[in-house]
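Scroll down for the structure; my scribbles are underneath it.
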Amino acid sequence: MDSSGSSYAIETINLTKIFPDWWGRPKVKAVVDLNLKVRYNEIYGFLGPNGSGKTTTIKMLLNLLHPTKGHAFVLGGRSTDPAIAARIGYLPEESYLYRYLTARETLDFYGRIFGLPAPVRKSRIDTLLEMVGLAGLGSRRIGTYSKGMMRRIGLAQALINDPDLLILDEPTSGMDPIGTRQIKDLLLELARRGKTILLCSHLLADVEDVCDRIGIMYGGRMQVEGPVRELLQHRDELQILTGPLTPEAREEIKSVIRREGSWCKMTTPVDKLETFFVNIITKAQASQPTSGAKPGTGIQGFLAAPPASPSKAVLEQLVAKKPQPAAEAGPAEAAETEPTQSRPAPKKDLLEQLTGKPAEPTVSPTEAPTEKPSEPPAVPKLSVRQDVLQKLLGGRKGPDGSTEQTRRPESEEPRNAE
Amino acid sequence: MRNSWAIAKNTIAQAVRMKIAAAVLVLLLILLPTMAWMLTGDGTLLGRLQSFSSYSISLVGFLLSLLTIAVSCYSLHSDFRVRTIDLVITKPIARHQIVLGKFWGAAGLNLFLLAGFSCMIYGLTAAIPRLSKAPEDQIARAQTEFFTARRVVAPQTSEEEIVKRVEERIETLRKNRQLPDLSMEQIRQTLLEQERIAQKSVEPAAAKEWDFQTIFPPKDPNSVMFVRYKFQAAPEPPNQEIFGQWRVGDFRQFRTGLREYKTPIYGLERSEAARTLHSFTVPGNAAADDGLVTVGFFNSPERNFSTVIFDQMEVLYPVGGFGVNFFRVVLLMAVRLIFLAALGISLSTWLSFPVATLFSLMVFFAGLINGFILESIEGLGAVLGMVYRFTIRWFLYAIPRFDGPYSPTDYLVSGEVLSWTFLGKAALITLVVQMVLLLVIGIWIFSRREIAKITV
Ligand SMILES: Nc1ncnc2c1ncn2[C@@H]1O[C@H](COP(=O)(O)OP(=O)(O)OP(=O)(O)O)[C@@H](O)[C@H]1O
Ligand SMILES: [Mg+2]
């Protein structure tokens, strides 16, 4: 998808925005000398406290605001170029949608602006409505929607053109936890399909779950930037997860550690509230109708489960559920643990219809993806039994000795694997 | 083009949800049939048709003009206010396509309504003769004077002759050393006035002839033409009426001395009130083959003591049917609506809804009395006139005229033809020059506007 000269999907050069007051005197330095670089096919978490200039930066990227100084390039050009605009999906901070249009009309309107032919529009609208969990509500006016429902339709709108670059300004604000989860799954899946995503959010847990790299803004300046794992990893600590142990065994372990001259702390894992909530709603969903957004249909439906291919079925038997560490444990694993039975039926074809590309099988028994490693887009995250998998894949190994079968191998490994 | 259409469609969806749109629609749907029923004019069928067509067309034109202004000023403004524009702008659509889409939406909706209500007026007008059960002669009169399209011809003016005569008089006065103690300009002005009135006046026992060129009524035996006129009488006659003897035809035949005239010359006598518009019918064959018709008036001294001053004198003859003329009248109205839509959109690219609406209404109302103001400015004194000439006059020249010959109603009421030439000229000036200029300015501003900028 890197069709342009620039090697970055988003690149800003000394981007500065100073809002003047009524008299034209500089008043607010919203963004100062920002050099943002987002690579192709990366999920970039754009963080910062309120008023730190995130939205202002995005608006300059999209030519909604004119920079005071500096330049902003997207997909190797300017967003004013219709050819480039056609490859961008944007979800604004608030739902800037026509309240008098129905969800279906809204999507149709934007589809028309993108010049999509009628049959494509129709099928994409159906797919997207299904995907964001609004399938039955397509003929209701957006003005009557709840905040989260509006967010969902806003997201659907951003995807109508199957964009290469997705700019999301707080996509999960106002969304229920299941919606949030679905969005995260969707983002991972989209990234797997080669899309680039700029994600702006205050929910750090979400950012952490999906982003490859993050940048933290403060006062219009970039404070720190780097790969999430690198920034978060405690290189001097180690975490071990085990099954039930007798008190004697525990004492023995502790004594071993003490002998090593290190410290140790033992707790039982606790579910995150998110996981708990998702479980409750999934149960209720089975027995009770709702006038709101329907969780569990779209994104989750598609992304939660691996495709029902024979190879996959085999793989499922090979994986074992991983228990959840306590609160102090690594955050990535914690967020993604969930009982297997909460997964709805697979709906792999939904996103395929949307993107027009067949989803590659997550793990192929004959060929392990190396260029763009993919993790099973499954909720819950399943830890693959490495020994069995290695046999299956013919023992192909990555540089660190582990099998390259996930998008982020380190997330599959216990911390401090070295 | 395709995405402009999406914008246009959305603009319409937005407009039909405006309360003013519903109000206009309901009002017209109720008022038009009521008017067809209630408006009786002077009681005759012709009067009824005239008053209905006049009021209904004016009402539809007025309300749709207001609606056009409201819709076109509101659309972009609302997009900015609820910030929906922020999202639309990021899509692959050029700014000018957004402006044009809005324009097509606003204009399209109103043209659609205009078409609908015009059909309704046309249907009601056509139904009135049957519904009113008028006697035969009234129906016949309505046919010749309302359900027709007549060309109006003014007499050949001899302005040059008037000027020549004034110069002669000045020369005589100078020779006789009788020039009054006034500036030459004032003398010339006064004499011109006098001479012009003299040209229009017929003293008792005097006669006057008006020559009309290019009168070609249809060559069928039933065809008619009309002489239409208005006069004052000085002094006022005791019974307020003037008795006149009229001749209409090719007067050149008098001078040939032939016994047999090739075309007939008609004579008639009429006694009529001053200061009202009158007209009488003459068979169409009174016109000479080369299109010349002369109208002669004799101020009979046996019955009148007053000088008769003609303010208006015209000959009308049918050139087309009512339907086509009605269509052209609707087109003239459409030109107005299209212009207003462009005006509103263009203004709302940089003004807020209230300001843009106010300004549009100003242009609209100024247009409705444009000709009148221009005339009164010309008559102003030197100093004041100068001030106006460099301010308001330019404004008035810049905006289109909606009154006088640009007013659609008059054509229908008097059964006068609105020629394609005139319509084309009006459309050319209003749409091609003024409207395009407005849209270009609007697009220019909109393209440079910082969309997400917030001014509080
Ligand atoms: N149109 C504007 N006019 C003046 N000041 C503005 C404008 N837009 C933003 N600002 C200011 O610029 C700064 C950055 O705002 P911005 O919206 O980019 O923050 P943000 O990082 O998106 O915050 P949040 O997390 O609350 O969304 C703020 O101080 C804000 O007040
Ligand atoms: Mg923001």
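The values are calculated or read from the model by the stated rules, or taken from the named source; none is laboratory data. Because the structure is a prediction, the values reported are computed rather than measured. When we count neighbours, we look across all protein chains shown, and the Cβ atoms used for this are built from the backbone with ideal geometry, even at glycine.
Out of all the residues in segment A:122-143, is one or more small (Gly, Ala, Ser), farther than 22 Å from A:Lys59 by Cβ and either within 14 Å of chain B (Cβ to nearest Cβ) or buried (at least 24 other Cβ atoms within 10 Å of the Cβ) (or both)? Can you show your working first?
We begin by selecting, within segment A:122-143, every residue small (Gly, Ala, Ser); these are A:123, A:133, A:135-136, A:138-139, A:143.
Then keep just the ones that are farther than 22 Å from A:Lys59 by Cβ; that gives A:123, A:133, A:135-136, A:138-139, A:143.
Imposing the further condition that a residue be either within 14 Å of chain B (Cβ to nearest Cβ) or buried (at least 24 other Cβ atoms within 10 Å of the Cβ) (or both) reduces the set to A:133, A:143.
Taking every residue of segment A:122-143 in turn, at least one turns out to be small (Gly, Ala, Ser), farther than 22 Å from A:Lys59 by Cβ and either within 14 Å of chain B (Cβ to nearest Cβ) or buried (at least 24 other Cβ atoms within 10 Å of the Cβ) (or both).
Do we find that A:Arg229 is in contact (Cβ under 8 Å) with a residue 60 or more places away in the chain, in a loop (DSSP other than H, G, I, E, B) and more than 14 Å from A:Leu47 (Cβ to Cβ) in this structure?
Details: in contact (Cβ under 8 Å) with a residue 60 or more places away in the chain: yes; in a loop (DSSP other than H, G, I, E, B): no; more than 14 Å from A:Leu47 (Cβ to Cβ): yes.
The answer is no for A:Arg229.
Checking A:Ser173 against (1) in contact with an Asp or Glu (Cβ under 9 Å, 6 or more places away or on another chain); (2) modelled with pLDDT under 90; (3) away from ligand 1 (no atom under 16 Å from the Cβ), which single condition isn't satisfied?
(3)
Can you say whether B:Gly116 is surrounded by fewer than 22 Cβ atoms within 10 Å (Cβ to Cβ) and in a helix (DSSP H, G or I), as far as the supplied structure shows?
On the way: surrounded by fewer than 22 Cβ atoms within 10 Å (Cβ to Cβ): yes; in a helix (DSSP H, G or I): yes.
Criteria met by B:Gly116.
Given the options B:Ser72, B:Ser51, name the one that is in contact (Cβ under 8 Å) with a residue 12 or more places away in the chain, farther than 30 Å from A:Asp108 by Cβ, in the same structural domain as B:Val335 (by TED's automatic domain parsing) and among the hydroxyl-bearing types (Ser, Thr, Tyr).
Of B:Ser72, B:Ser51, the one residue that is in contact (Cβ under 8 Å) with a residue 12 or more places away in the chain, farther than 30 Å from A:Asp108 by Cβ, in the same structural domain as B:Val335 (by TED's automatic domain parsing) and among the hydroxyl-bearing types (Ser, Thr, Tyr) is B:Ser51.
Can you find a residue in segment A:34-47 that is within 13 Å of chain B (Cβ to nearest Cβ) and more than 7 Å from ligand 1 (Cβ to nearest atom)?
Among the residues of segment A:34-47, not one is within 13 Å of chain B (Cβ to nearest Cβ) and more than 7 Å from ligand 1 (Cβ to nearest atom), which makes the answer no.
Of all residues being surrounded by 23 or more Cβ atoms within 10 Å (Cβ to Cβ) and within 16 Å of ligand 2 (Cβ to nearest atom) in segment A:161-174, which is farthest from A:Tyr110 (Cα to Cα)? Just the residue, please.
Step by step, filter segment A:161-174, then rank; the result is A:Thr172.
Just name the residue that is nearest to the other protein chains (Cβ to nearest Cβ) out of those in segment A:104-121 that are assigned to a helix (DSSP H, G or I) and in contact (Cβ under 8 Å) with a residue 40 or more places away in the chain.
Just the residues of segment A:104-121 that are assigned to a helix (DSSP H, G or I), to begin with: A:104-113, A:118-121.
Within this subset, residues satisfying the condition of being in contact (Cβ under 8 Å) with a residue 40 or more places away in the chain are A:106-107, A:110-111.
Values: A:Thr106: 10, A:Leu107: 12, A:Tyr110: 7, A:Gly111: 9 Å.
Ranking the candidates gives A:Tyr110 first.
Can you tell me which residue among A:Ser7, A:Ser52 is closer than 21 Å to A:Ile197 by Cα, within 14 Å of ligand 2 (Cβ to nearest atom), at pLDDT below 95 and hydroxyl-bearing (Ser, Thr, Tyr)?
Selected residue: A:Ser52, the only one of A:Ser7, A:Ser52 that is closer than 21 Å to A:Ile197 by Cα, within 14 Å of ligand 2 (Cβ to nearest atom), at pLDDT below 95 and hydroxyl-bearing (Ser, Thr, Tyr).
Looking at segment A:141-151, which of the residues that are in a helix (DSSP H, G or I) and of a type outside the set (A, V, I, L, M) is nearest to ligand 2 (Cβ to nearest atom)?
Once the filter is applied, the top-ranked residue is A:Arg151.
Would you check if there is a residue in segment B:54-71 being within 14 Å of chain A (Cβ to nearest Cβ), out of contact with any Cys (no Cβ under 7 Å at 6 or more places or on another chain) and surrounded by fewer than 20 Cβ atoms within 10 Å (Cβ to Cβ)?
No; the residues of segment B:54-71 include none that is within 14 Å of chain A (Cβ to nearest Cβ), out of contact with any Cys (no Cβ under 7 Å at 6 or more places or on another chain) and surrounded by fewer than 20 Cβ atoms within 10 Å (Cβ to Cβ).
Of the conditions (1) more than 13 Å from ligand 2 (Cβ to nearest atom); (2) without any contact (Cβ under 8 Å) to a residue 12 or more places away in the chain; (3) among the hydrophobic types (A, V, I, L, M, F, W, C), A:Leu64 clears all except one; give me its number.
Here A:Leu64 clears every test but (1).
Those residues that are of a type outside the set (Lys, Arg), surrounded by 18 or more Cβ atoms within 10 Å (Cβ to Cβ) and within 11 Å of ligand 1 (Cβ to nearest atom), I need them from segment A:12-31; list them, please.
A:Ala30, A:Val31
Do any residues in segment B:2-16 that are at the interface with chain A (Cβ under 7 Å from one of its Cβ atoms) have Cβ atoms under 7 Å from those of residues that are part of a loop (DSSP other than H, G, I, E, B) and not aromatic (Phe, Trp, Tyr), where the two are at least six apart or on different chains, and which pairs are they?
B:Arg2/A:Gly115; B:Asn3/A:Gly115; B:Asn3/B:Ile93; B:Ala13/A:Leu101
So which residues in segment B:236-248 are modelled with pLDDT under 90 and over 15 Å from B:Ser300 (Cα atoms)?
B:Glu236, B:Pro238, B:Asn239, B:Gln240
Give the number of residues within segment A:196-206 that are surrounded by 15 or more Cβ atoms within 10 Å (Cβ to Cβ), in contact (Cβ under 8 Å) with a residue 40 or more places away in the chain and away from ligand 2 (no atom under 14 Å from the Cβ). So that I can check it myself, show each step before the final result.
Pass one, segment A:196-206, residues surrounded by 15 or more Cβ atoms within 10 Å (Cβ to Cβ): A:196-201, A:203, A:205-206.
Filter once more, so that each one left must be in contact (Cβ under 8 Å) with a residue 40 or more places away in the chain: A:196-201, A:205.
Now drop any that are not away from ligand 2 (no atom under 14 Å from the Cβ), which leaves A:196-197, A:205.
The qualifying residues number 3.
Any chance segment B:136-153 includes a residue that's touching a helix residue (DSSP H, G or I) at 6+ places or on another chain (Cβ under 7 Å) and closer than 30 Å to B:Ile441 by Cβ?
no
In segment B:136-158, which residues are assigned to a helix (DSSP H, G or I) and surrounded by 15 or more Cβ atoms within 10 Å (Cβ to Cβ)?
B:Gln138, B:Ile139, B:Arg141, B:Ala142, B:Gln143, B:Thr144, B:Glu145
Run down A:Leu166, A:Leu199 and say which single residue is within 16 Å of ligand 1 (Cβ to nearest atom) and at pLDDT 90 or above.
A:Leu199
Restricting to segment A:135-148, give me the number of residues that are under 13 Å from A:Arg104 (Cα atoms) and either within 20 Å of the chain's Cα centre (by Cα) or of a type in the set (D, E, K, R) (or both).
Looking only at that region, the number is 2.
Can you pull out every residue in segment A:63-86 that is within 23 Å of the chain's Cα centre (by Cα) and crowded, with 24+ Cβ neighbours inside 10 Å?
Passing the criteria: A:Val74, A:Leu75, A:Ala85.
Can you say whether A:Gly154 is away from ligand 2 (no atom under 16 Å from the Cβ), assigned to a helix (DSSP H, G or I) and over 27 Å from A:Leu34 (Cα atoms), as far as the supplied structure shows? Explain how you work it out, then say what you get.
Numbers: away from ligand 2 (no atom under 16 Å from the Cβ): no; assigned to a helix (DSSP H, G or I): yes; over 27 Å from A:Leu34 (Cα atoms): yes.
For A:Gly154, the condition - away from ligand 2 (no atom under 16 Å from the Cβ), assigned to a helix (DSSP H, G or I) and over 27 Å from A:Leu34 (Cα atoms) - is not met.
Give all pairs with beta carbons closer than 6 Å in which a residue from segment A:79-94 that is within 17 Å of A:Ile183 (Cα to Cα) and more than 7 Å from every other protein chain (Cβ to nearest Cβ) meets a residue that is β-branched (Val, Ile, Thr) and within 16 Å of ligand 2 (Cβ to nearest atom); count only pairs at least 6 apart in sequence or on separate chains.
Matching pairs, first to second residue: A:Glu93/A:Thr55.
In segment B:129-146, which residues are of a type outside the set (Gly, Ala, Ser) and farther than 23 Å from B:Met333 by Cα?
B:Pro129, B:Arg130, B:Leu131, B:Lys133, B:Pro135, B:Glu136, B:Asp137, B:Gln138, B:Ile139, B:Arg141, B:Gln143, B:Thr144
Give segment A:88-106 a look and list any residue that's away from ligand 1 (no atom under 16 Å from the Cβ), buried (at least 22 other Cβ atoms within 10 Å of the Cβ) and either of a type in the set (S, T, N, Q) or farther than 28 Å from B:Val16 by Cα (or both), or say none.
Answer for segment A:88-106, where residues must be away from ligand 1 (no atom under 16 Å from the Cβ), buried (at least 22 other Cβ atoms within 10 Å of the Cβ) and either of a type in the set (S, T, N, Q) or farther than 28 Å from B:Val16 by Cα (or both): A:Ile88, A:Gly89, A:Thr106.
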